[in-house]
Amino acid sequence: MPHRTPQTRSHGSYDLPGQILNYSSSALVQEPAADSIRHAPVLLKEVLEYLRPRPGGFYIDATIGLGGHSEAILEASGSRGELLGIDRDEEVLSIASQHLARFRGRYHIVHANFADLKEIARQRGFTESDGILADLGMSSLQLDKAERGFSFQKDGPLDMRMDHDLALTADEVINQYPERDLANLIFQFGEERRSRAIARAIVRSRPVHGTRVLASLIARAVHSHGRERIHPATRTFQALRIFVNDELGKISPFIHSAVDLLKGGGRIAIISFHSLEDRIVKETFRLLTQECSCFPGAVRCECGKRKVLKVLTKKPVLATEAEIHVNPRSRSAKLRIAERI
């Protein structure tokens, strides 16, 4: 399967310097009040324990979402702590700003991809940060809105773009990609062992439009009788979402950029929700803990490796049973933490 990075139509960047920006998009202006959105940031207690927000500290939430983690970090960092929040999903930013309204003047929210973290941080004075967080999961707002196309629980278009500036949609992948490429991406990004049968059924049924139509088609293709632990379309939907948004390709570069922005003793926290993400986080942390690997008798280092991180979590931190009971979404969350040397 040929590699490709989703293209954007334009680079839309909104900066909210400690206040709610009046968006021009009617969809955003009509967004419900923050307190009407059910919001439960996962592993919040553990994130705060490891990041250790301090008075006057500088923190970055690279995937601010609805602002739950950011709100707690600002609360814990006293009256002088500052936060830079980034998210590629423009639709959540006004709600995040509402959640943070009482911290006016202490936060900036930027519509951008965390792949551009280093430049965004440089522009806004966060080049020496005390802590950086990324929650790689989806927000309840994204899942609950049928028109976003992320969930097959509600009927909606096959969109799945986290950023509407992206040109590629799931509809284009489903209806235009060759069967072999479709099967490969479903297997690679969804870890779906029945990917060939699913791709074959999709191609034979084209055109396929709508999330429920696709989900039903997949269930028939794998001869599902409703007895599986998860819906048979779950892994395919995951694969499409990851592919459309090029989610995995940006994790490792983001971590490298984030580590460069940390002060000595500063910490990076990454929350992932499936094995593909967690594997990349674990491996990138491991690479950044390696020492020079040159021959012991070498006059000077040629490999360029420097140990810049100390991993604080040998195994990922998982949600407690109490949190899972309150917030089932946290069941699959995995938190890894490392500290800048």
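The values are calculated or read from the model by the stated rules, or taken from the named source; none is laboratory data. Keep in mind it's a predicted model, so treat the numbers as computed, not measured. Because the Cβ atoms are built from the backbone with ideal geometry, glycine has one as well, and the counts that use them run over all protein chains shown.
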Point to revise | Members of region 36-78 that are outside any strand (DSSP E or B), in contact with a strand residue (DSSP E or B) (Cβ under 7 Å, 6 or more places away or on another chain) and acidic (Asp, Glu) | key: Glu46
Exercise for review: For region 235-245, indicate whether the set of residues that are surrounded by fewer than 19 Cβ atoms within 10 Å (Cβ to Cβ) and of a type outside the set (Asp, Glu) is non-empty.
Suggested key: no
Practice item. Specify the residue that is nearest to Gln153 (Cα to Cα); the eligible residues are those in region 206-259 that are touching a residue at least 60 places away in the same chain (Cβ under 8 Å) and over 22 Å from the mean Cα position of the chain (by Cα). Key: Arg212
**Study point:** Any chance Val222 is in contact with a Lys or Arg (Cβ under 8 Å, 6 or more places away or on another chain) and assigned by TED's automatic domain parsing to the domain that holds Gly149
**Key:** yes
Study note, to complete from the structure: Checking Glu283, Glu277 in turn, the sole residue that is under 14 Å from the mean Cα position of the chain (by Cα), at pLDDT 95 or above, not in a strand (DSSP E or B) and not hydrophobic (A, V, I, L, M, F, W, C) turns out to be Glu277
**Study point:** Count of region 100-146 residues which are more than 17 Å from the chain's Cα centre (by Cα) and in a loop (DSSP other than H, G, I, E, B)
**Key:** 10
Check your understanding: Which pairs do you get when a residue that is closer than 14 Å to Phe103 by Cα, found in region 62-75, comes within reach of a residue that is hydroxyl-bearing (Ser, Thr, Tyr) and crowded, with 24+ Cβ neighbours inside 10 Å, reach meaning Cβ atoms under 6 angstrom, with the pair 6+ apart or on two chains?
Key -> Ile73/Tyr59
Point to revise | Top-ranked residue of region 162-197 - restricted to ones that are modelled with pLDDT of 95 or more and in contact with a Gly (Cβ under 9 Å, 6 or more places away or on another chain), ranked as surrounded by the most Cβ atoms within 10 Å (Cβ to Cβ) | key: Ala170
Exercise for review: Take region 237-274 and flag every residue that is among the charged types (D, E, K, R) and part of a strand (DSSP E or B).
Suggested key: Lys263, Arg267
Check your understanding: Do any helices (runs of 4 or more DSSP H) lying entirely in region 147-224 carry at least 3 residues that are of a type in the set (D, E, K, R), and which ones are they?
Key -> 179-190, 195-205
Exercise for review: Look through region 62-99, keep the residues that are of a type in the set (S, T, N, Q) and surrounded by fewer than 20 Cβ atoms within 10 Å (Cβ to Cβ), and return whichever of them is farthest from the chain's Cα centre (by Cα).
Suggested key: Ser79
Practice item. Filter region 113-161 down to the residues that are acidic (Asp, Glu) and at pLDDT 95 or above, then identify the one that is nearest to Ser70 (Cα to Cα). Key: Asp135
